[in-house]
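Trainee: Handing you a structure now.
The values are calculated or read from the model by the stated rules, or taken from the named source; none is laboratory data. Remember, predicted model here, so these are calculated numbers, not experimental data. Cβ: placed from backbone, ideal geometry, glycine included. Neighbour counts: every protein chain shown. Heavy atoms of the whole protein, side chains included, go into the accessibility calculation; ligands, DNA and RNA do not. Shrake-Rupley method; radii C 1.70, N 1.55, O 1.52, S 1.80 Å.
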Amino acid sequence: SRHSRSHSLQTNKPRSVSAAMAQSGLTIEVANLSQCTFRLDGEMLIKGTWKADPTLVIMAGERTCIELSSSQISGVKGLLWWVDDEHHETYLSMVFSNPKLQTAMTSSKFACVAGPPPANLKEELEQAPPLHRGQQEAFAGCAWVAEEVGSTTVVKLTIFENLDLSENGNLEMPSPTPTSPLEPSAAGTLLGSHFRRSNDPRCPEQHASALQKMRSQTRPKDLQDGLLRGARAAGAGLAAGLVAPVAWSMRGAREGGALGFAKGLGLGLLGGVAAVAGGTASGVVQVGRGIMHTPRAYFSRKQEKVWDQEIGQWVDIDLCELEAEVDEEGSDREEAGPQHRSAKGGGRSVVDSALYDLLGVPTDASPSDIKRAYYRQARQCHPDKNPDDEDATEQFQTLAKAYQVLSDPESRSRYDSQGLEGLETNEAQMDPALFFGLLFGSERFLDYTGELHLAMQVDHVAQSLRRTREELSCDVEEPEPRAIRRRQHRREVRCAVFLRRILHRMVVQRDSIGFVQDAREEAAQLAGVRFGPELLIELGEMYQIRADIYLVNELVGRRSCAKRVAAARRSRHSAKTCLTLSKSTVGSLRQAKRIHSAMQREEGRTQERQQHEHAEQAGSFGDIADALEDALPTFLLAAWASVVNDLDGTIKNVGRKLLQDKSAPWQIRIRRAQALKVLGEIFLEEGHRVVGPGGARGLSSLTSQAARETLLEAVAGSLRDERRSP
């Protein structure tokens, strides 16, 4: 398929009807009475091809002939759409099917819309009305009549002079309640319901019985999922069956000797048989459930639905609704301090606003606003961007201290009520999100990657410990897995919204040249931070994989060879990521063993010195220091492998939220995928350019000294003073 080509203006003179009928296929004679000049924006020719050159332009006030032909008995079938050349707000979308052999079951079909694009142009193809010779049809901005119907069909299409553009609205970035025809909300679906059900404590799902929840959360989505779940259940039962006789016999021998051993063995065999039988039965049930749900999974995938394991249902995604929900929830740190949630207005009364003024935010700013303001200003004076500039370094440290106070709900509340005097007692504490951001340079990539999962987990544990230490009520706190899932969900939504915003220039405004220029400038800046080239390469490849899979699914077919190629690339990337993580983990364990051995040797030497009455001579700990220094690159590479593995799963879900967003028409989702692929190509190109051939300047060349400097700078930049009242 050809997508979104930019060509010079071209007018195609209509051929006579007799000449068109001499060819086998479909001829559409367009009389454009409107003031809009339409340019070809995309096509999906399922069967057949252009008879000559593609009809790139349909000029305003002129007649244009569109000719399609096919040498196969299946005839011509597909979708074509054009967009107005000036404002890019009005679409000319048409679907058609013209088999050579006309029967009651395989008749010619045609439909066309001039105005806002339909929600899903592919579905319109199946619902298009049949063509009857001489019968006139009219719909949204146009009318058509079939002059001939058969192996060669001729349709005369008229685009009305006055097109109703009132529904077009504002084509800028969609609001939570979208008014743009390019981002309409779809009613009557489960849009975003899976996130509301899993997050809203008032939802009846939260009060469902444990059995209902277990059935939903263990429900397989299709046969493949059922086979995997069944194999796990049967394997768990088999393992329990093998362990039970051994465990019971050993326990019986300890308690009753030989007789106890015999009794334990008998009980263990009975328990083992029961465990194997139970596991096998559970596995068979899971396979059966998978078979039962496979047809629904097939149709749900065709409708671009997403499986939500928490409720065990296929659901639609509405990015506008999800964005509104995340904005309403606030930032990840707001859970502990709802009093600081932004109430856009005049600002709150505080004793001292110096730290707010330093970051350039109002006193009622939400934690998410404070974080964005800090990262925005910190980028300008970051030491990596301003080497050997002491003023910039001092400014960076000052901003970090202000952020450390205002990002913590407790210290911010104390600062608001008491000013700087309320922050007297200092206890050094590390900010996990800031540490990992500085460590991997991801504070500059925050909009693309979100808060890293490592930082998310460490921060959640730190917040829980702090609440426990301060004797806060622990029963109101969410269970850790669910709280982490909520933060991960917010992370994915924010990343998807950010990508939607930066792709807007190419997707809606059709400014491909400006989009590419901006993307190249952004990539060059991102490549300048620590681990920037490596992050660019990973993000670029992940963006390309997600875009390719979506385009192949929608324009070629889910069972095509192209889909197998795209899926194989995805599998190779995931396998490579998992293998790198495994190797890095093994390397870290070996280094940890070396450090442990060095500590044991040093402990032995210390005891020996004490025996010779030289306890006053302190050990040099040289072996431990050397082992630690040698291990730093390995530990850093292991952390990096964990980050890449985290990004692999995160970008997959971000891509789904962006490309399967039902609040945008299908044609816009296609353009999003094309723009995402272009962005991925630019990121890959810039990352490989900086890293150099063979990764000469990449992570593989990391030295012990560089690793130590990287870690020390990250630790120093992320230390937070936890203020306590005297």
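Trainee: Does Gly290 count as surrounded by 17 or more Cβ atoms within 10 Å (Cβ to Cβ) and touching a Phe, Trp or Tyr at 6+ places or on another chain (Cβ under 6 Å)?
Mentor: So Gly290 fails the test.
Trainee: Let me ask another. Say we look at region 512-531 and pick out the residues that are surrounded by 15 or more Cβ atoms within 10 Å (Cβ to Cβ) and without any contact (Cβ under 8 Å) to a residue 40 or more places away in the chain; which of these is nearest to Gln380 (Cα to Cα)?
Mentor: If we take residues in region 512-531 being surrounded by 15 or more Cβ atoms within 10 Å (Cβ to Cβ) and without any contact (Cβ under 8 Å) to a residue 40 or more places away in the chain, then Glu522 is nearest to Gln380 (Cα to Cα).
Trainee: Do the conditions hold for Leu555, that is, is it at pLDDT below 95, touching a helix residue (DSSP H, G or I) at 6+ places or on another chain (Cβ under 6 Å) and crowded, with 21+ Cβ neighbours inside 10 Å?
Mentor: Answer is no for this residue.
Trainee: Same structure, new question: Select from region 299-321 the residues that are part of a helix (DSSP H, G or I) and in contact (Cβ under 8 Å) with a residue 12 or more places away in the chain and write down the one among them that is surrounded by the fewest Cβ atoms within 10 Å (Cβ to Cβ).
Mentor: Among them, the one singled out is Lys302.
Trainee: Does Ala244 fit the bill of being assigned to a helix (DSSP H, G or I) and open to solvent by 30 Å² or more (accessible area, probe 1.4 Å)?
Mentor: no
Trainee: Considering only region 109-130, I want to know if a residue exists there that is in a loop (DSSP other than H, G, I, E, B), of a type outside the set (Asp, Glu) and farther than 30 Å from Asp316 by Cα.
Mentor: Scanning region 109-130, I find no residue that is in a loop (DSSP other than H, G, I, E, B), of a type outside the set (Asp, Glu) and farther than 30 Å from Asp316 by Cα, so the answer is no.
Trainee: Next up: Cβ-Cβ distance below 9 Å, separation of 6 or more or different chains: which pairs start in region 27-56 with a residue that is under 19 Å from Lys156 (Cβ atoms) and end on one that is hydroxyl-bearing (Ser, Thr, Tyr) and open to solvent by 30 Å² or more (accessible area, probe 1.4 Å)?
Mentor: Within 9 Å, the pairs are Val30/Thr158; Ala31/Thr158; Asn32/Thr158; Leu33/Thr158.
Trainee: Out of region 520-550, which residues are closer than 24 Å to Ile668 by Cβ and polar (S, T, N, Q)?
Mentor: Scanning region 520-550 gives a single hit, Gln544.
Trainee: Which pairs have Cβ atoms under 8 Å, sit 6 or more apart or on different chains, and link a residue in region 398-411 that is among the β-branched types (Val, Ile, Thr) to one that is outside any helix (DSSP H, G or I) and open to solvent by less than 10 Å² (accessible area, probe 1.4 Å)?
Mentor: Note: no pairs meet the criteria.
Trainee: At pLDDT 90 or above, within 17 Å of Leu157 (Cα to Cα) and part of a loop (DSSP other than H, G, I, E, B): is that true of Ser93 in this structure?
Mentor: No, not satisfied.
Trainee: I've got another one for you. Quick test for you: out of Leu45, Leu40, Leu33, Leu9, pick the one residue that is modelled with pLDDT of 90 or more and open to solvent by 40 Å² or more (accessible area, probe 1.4 Å).
Mentor: That would be Leu33, the only listed residue that is modelled with pLDDT of 90 or more and open to solvent by 40 Å² or more (accessible area, probe 1.4 Å).
Trainee: Any idea how many residues of region 77-109 are more than 20 Å from Leu33 (Cα to Cα), open to solvent by less than 20 Å² (accessible area, probe 1.4 Å) and out of contact with any Pro (no Cβ under 8 Å at 6 or more places or on another chain)?
Mentor: Counting residues in region 77-109 that are more than 20 Å from Leu33 (Cα to Cα), open to solvent by less than 20 Å² (accessible area, probe 1.4 Å) and out of contact with any Pro (no Cβ under 8 Å at 6 or more places or on another chain) gives 6.
Trainee: Can you pull out the residues in region 65-76 that are among the aliphatic types (A, V, I, L, M) and buried (at least 17 other Cβ atoms within 10 Å of the Cβ)?
Mentor: Listed by number, the residues that qualify are Ile66, Leu68, Val76.
Trainee: Then there is this: It is to be established whether one or more residues within region 551-570 are under 21 Å from Pro633 (Cβ atoms) and either touching a residue at least 40 places away in the same chain (Cβ under 8 Å) or not in a helix (DSSP H, G or I) (or both).
Mentor: Checked against the condition, which is being under 21 Å from Pro633 (Cβ atoms) and either touching a residue at least 40 places away in the same chain (Cβ under 8 Å) or not in a helix (DSSP H, G or I) (or both), region 551-570 yields no hits at all.
Trainee: For region 657-696, enumerate the residues that are in contact (Cβ under 8 Å) with a residue 24 or more places away in the chain, over 21 Å from Gln525 (Cβ atoms) and more than 15 Å from the chain's Cα centre (by Cα).
Mentor: Lys662, Ser663, Ala664, Pro665, Trp666, Gln667, Ile668, Ile670, Arg671, Gln674
Trainee: Need the failing condition index for Gly604 against (1) surrounded by fewer than 13 Cβ atoms within 10 Å (Cβ to Cβ); (2) at pLDDT 80 or above, just the number.
Mentor: Of everything listed in (1) surrounded by fewer than 13 Cβ atoms within 10 Å (Cβ to Cβ); (2) at pLDDT 80 or above, Gly604 misses just condition (2).
Trainee: Also, I was wondering about something else. Which of the residues that make up region 343-388 are over 29 Å from the mean Cα position of the chain (by Cα), at pLDDT below 80 and closer than 22 Å to Phe445 by Cα?
Mentor: If the condition is that a residue be over 29 Å from the mean Cα position of the chain (by Cα), at pLDDT below 80 and closer than 22 Å to Phe445 by Cα, then Cys381, Pro383, Asn386, Pro387 are the ones that fit.
Trainee: Tally up the residues in region 267-298 that are touching a strand residue (DSSP E or B) at 6+ places or on another chain (Cβ under 9 Å) and either over 13 Å from Gln224 (Cα atoms) or assigned to a loop (DSSP other than H, G, I, E, B) (or both), please.
Mentor: Matching residues across region 267-298 total 1.
Trainee: While we're on this one: Looking at (1) in contact with a Gly (Cβ under 6 Å, 6 or more places away or on another chain); (2) open to solvent by 60 Å² or more (accessible area, probe 1.4 Å), which one does Val285 not meet, given that it meets all the others?
Mentor: (1)
Trainee: Taking the conditions exactly as written (outside any strand (DSSP E or B), surrounded by 15 or more Cβ atoms within 10 Å (Cβ to Cβ), out of contact with any Pro (no Cβ under 6 Å at 6 or more places or on another chain) and modelled with pLDDT of 85 or more), does Ala60 satisfy them or not?
Mentor: Spelling it out, Ala60 is indeed outside any strand (DSSP E or B), surrounded by 15 or more Cβ atoms within 10 Å (Cβ to Cβ), out of contact with any Pro (no Cβ under 6 Å at 6 or more places or on another chain) and modelled with pLDDT of 85 or more.
Trainee: Of the conditions (1) at pLDDT below 90; (2) open to solvent by 80 Å² or more (accessible area, probe 1.4 Å), Arg572 fails just one. Which one is it?
Mentor: So Arg572 meets the others, but not (1).
One line per residue, one yes/no per condition, for (1) of a type in the set (A, V, I, L, M); (2) surrounded by 19 or more Cβ atoms within 10 Å (Cβ to Cβ); (3) under 42 Å from the mean Cα position of the chain (by Cα):
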position: Gly134; (1), (2), (3): no, no, no
position: Ala140; (1), (2), (3): yes, no, yes
position: Val149; (1), (2), (3): yes, yes, no
position: Asn162; (1), (2), (3): no, no, yes
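Trainee: Say we look at region 489-511 and pick out the residues that are charged (D, E, K, R) and touching a strand residue (DSSP E or B) at 6+ places or on another chain (Cβ under 9 Å); which of these is surrounded by the fewest Cβ atoms within 10 Å (Cβ to Cβ)?
Mentor: Arg510
Trainee: Restricting attention to region 625-653, report how many residues are among the aromatic types (Phe, Trp, Tyr) and open to solvent by less than 20 Å² (accessible area, probe 1.4 Å).
Mentor: Of the residues in that region, 0 qualify.
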